[in-house]
Amino acid sequence: MEPHMPELLAAGLILFIMFIIGFIGMRSRVPDVILFILVGIAVSGLLHDSEILYFAGEIGIVLLFFMLGLEFPIKQLGAIAKKVTPAGLLDLFLNLFLSSLLCLLFGLDIFTAFVVGSLLYATSSSITMKMLQNTKRTANPESEFLLGVLIFEDLIAPILVAILVGMSGGGQFSGGEFLWLVVKVMLLVTAAVCLGRFMFTKAAKFVDRNAGSDIFHLFIIGMAFTYSGLAVYLGLSEVLGAFLAGIMLAEVKRSETIEPLILPVRELTLPLFFLWFGTQIDLAHGISYPLLLGVLVVWSILGKMLVGIAGGRFYGLSGRVAFRAGLSFTQRGEFSIIIASVAAAEVMAFGSIFILISAAAGILLFLTAPAVTRKIYGRKKKEYKVKVPQ
C-alpha cells in the first residue's frame with residue numbers, strides 16, 4: 001500500500017513554504033504575488049487538481065473583495081459608476097473588440113479570435129488590489145478610478161463566459177439566454193442595493209452591541225460567503241457577489257469595527273489563491289503563434305495604458321494621475337484563466353503563456369508606475385483626489 005500524506009500535514013507544509021516565500025519576497029523586495037505564482041507553476045504537477053487549495057484561495061479572493069466593498073457605501077459607488085462608464089466602454093472596445101480583430105488579421109477563426117480577445121480583456125482584480133494594498137496606494141487618486149473599471153469588467157465578465165461556453169459547445173447562444181444573464185446580474189445588484197438601503201442602514205446598534213463577541217465574525221464572513229455563493233449559483237462571478245455583500249454592510253458605517261474581524265482569515269487564505277493561480281498555468285505545450293503572442297503582449301500593455309490615460313481623463317483625473325493609472329492595471333489573471341479553460345488545448349497553452357507574461361510585466365509596471373510618472377511629469381508636492389459627489 002502506498003503511503004498517504006495526511007491532509008493536515010500537507011496543509012501545514014504548504015503554509016510553511018508560503019511563509020518562506022513571503023519572507024524571501026519581503027527581504028528581496030520582490031513582490032510576493034509573483035513569487036507565489038512562480039512556485040505554483042513549479043508545483044503544478046502536484047497541486048493542479050487540488051480542490052482544497054482552490055477552495056482556500058477562493059475564500060481569500062471573496063474576503064478581499066468583501067473588504068473592498070466595505071469602503072464604498074451605495075451612494076458613493078453610484079457616483080463612481082456614472083463617472084467610470086465612458087472608461088469602461090473604451091476598455092471593452094480596445095481590449096476586447098480590437099484585440100479580437102487583431103487575431104482575425106493573423107488568420108485565427110472567429111471563435112478562437114474571440115476567445116483570445118476575451119483573454120486580453122479583463123485586468124486581474126486580485127493582483128491589482130493586492131498590489132494597491134502592498135504598496136499603500138489605496139488612498140491615491142487613481143485607486144478609485146481603477147476600482148471602478150475593475151467593477152465594470154466584473155459585470156461584463158460573466159456575460160462573456162456564458163457566450164463562450166455556449167459557442168464552445170457547438171450550439172448557439174440565443175438572445176434569450178443573453179437577456180436572462182443580464183437580468184440575473186441586475187437582480188443581484190438590485191437585491192444588494194435594497195438590502196443595504198432598507199435593512200443594513202438600521203443595523204449600526206446591532207453591530208455595536210455584538211462586535212466584541214467571540215462569534216460575531218461568523219456572521220460577517222457567513223454573509224460574504226452566502227452572497228458570493230448566491231452569485232455562483234446564478235452562474236455569475238463570486239467576486240461580484242462578494243463586493244456587493246461588502247457594499248451592503250458598508251451602509252452600517254462601521255467598517256473600522258468589521259475589518260479587523262476579517263483581516264486575519266483573508267491574510268491566511270489570499271496567498272493560496274496566487275499559488276493555485278500558478279498551478280493552472282500550463283507551459284508543457286510550448287509556444288503557439290509566437291509572432292501573434294509578441295504582438296498581443298505589446299498591444300495588451302498599450303491598450304490598458306490608453307484606457308488609463310484617456311479613460312482617466314474622462315473620469316476627471318489629471319494627466320499625471322491618469323498616466324500612473326494606465327501603468328497600473330495591465331496585468332491579466334484569474335478571469336483570463338477561466339476564459340482559457342473554455343478553449344482547445346493549443347489555445348489554452350497560448351493563453352497560459354500570455355497570462356504569465358502579462359502578470360509579470362503588469363506587476364513590474366505597477367511597481368515602477370510612480371517612479372516613471374515622476375520621471376515624465378516631474379515631482380509634485382501634493383496630488384489631490386478627485387471628489388466624487390455624494
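The values are calculated or read from the model by the stated rules, or taken from the named source; none is laboratory data. Small disclaimer: the values here were computed from a predicted structure and weren't measured. Methodologically, a virtual Cβ is constructed for each residue, glycine included, from the backbone with ideal geometry; neighbour enumeration extends over all protein chains shown. Remember, those area values only see protein heavy atoms, side chains included, never the ligands or the DNA or RNA. Shrake-Rupley method; radii C 1.70, N 1.55, O 1.52, S 1.80 Å.
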Item to check | Proximal aspartates and glutamates to LYS184, defined as alpha-carbon separation beneath 15 angstrom and excluding residues fewer than eight positions away on the same chain | outcome: ASP154, GLU238
Next on the checklist: Greater than 28 Å separation of Cα atoms is the criterion. Which listed pairs, LYS82/LYS130; LYS130/LYS375; LYS253/LYS375, meet it?
Outcome noted: LYS253/LYS375
Checklist entry - Which trypsin sites (Lys or Arg not before Pro) does the range 105-145 hold that lie in a coil by DSSP with at most 12 other beta carbons within 10 Å? => result LYS136
Checklist entry - Counting each DSSP H run of 4 or more residues in the chain as -39500 (n - 2.57), what helix-only mean residue ellipticity at 222 nm follows after dividing by all residues, to the nearest 500 deg cm²/dmol? => result -24500 deg cm²/dmol
Item to check | Under 15 Å from the Cα of LYS205 - aspartates and glutamates, other chains or at least 8 residues apart | outcome: GLU251, GLU256
Next on the checklist: For a protection proxy built on the mean count of beta-carbon atoms within 10 angstrom, sort 72-80, 200-208 highest first, please.
Outcome noted: 72-80, 200-208
Checklist entry - Once the dipole of the chain is set up with Lys and Arg at +1 and Asp and Glu at -1 on Cβ about the Cα centre, which of THR330, TYR233, LEU293 lies farthest towards its positive end? => result THR330
Next on the checklist: Given axes a ≥ b ≥ c from the Cα gyration tensor, I'd like to know whether the range 238-371 is rounded (a/c under 1.5), prolate (a/b larger than b/c) or oblate.
Outcome noted: oblate
Next on the checklist: How charged is the neighbourhood of LEU68? Take every other residue with its Cβ under 13 Å from the Cβ of LEU68, and add Lys/Arg as +1 and Asp/Glu as -1.
Outcome noted: -2
Checklist entry - Name the trypsin sites (Lys or Arg not before Pro) in the range 284-346 that are in a loop by DSSP and that have at most 11 other C-beta atoms within 10 Å, would you? => result none
Next on the checklist: I need the shape label for the range 74-208. Rule: rounded when a/c is under 1.5, else prolate if a/b > b/c, else oblate, with a, b, c from the alpha carbon gyration tensor.
Outcome noted: oblate
Checklist entry - Between ALA81, PHE106, THR373, whose Cα lies farthest towards the positive end of the dipole of the chain when Lys and Arg beta carbons carry +1 and Asp and Glu beta carbons carry -1, centred on the Cα centre? => result THR373
Checklist outcome for this item: Checked the range 28-99 with the C-alpha gyration tensor, a ≥ b ≥ c its square-rooted eigenvalues, rounded below a/c of 1.5, otherwise prolate if a/b is larger than b/c and oblate if not; verdict prolate
Next on the checklist: Just to confirm, what accessible area per residue do you get for the chain at 1.4 Å probe, in whole Å²?
Outcome noted: 47 Å²
Item to check | Rg/Rh ratio calculated on Cα atoms of the chain (Kirkwood radius) | outcome: 0.96
Next on the checklist: Given a 1.4 angstrom probe, I'd like the percentage of the accessible area of the chain that is carbon and sulfur, rounded to a whole number.
Outcome noted: 69 percent
Checklist outcome for this item: Relative contact order of the chain (C-alpha contacts under 8 Å, at least 6 apart) in percent is 31 percent
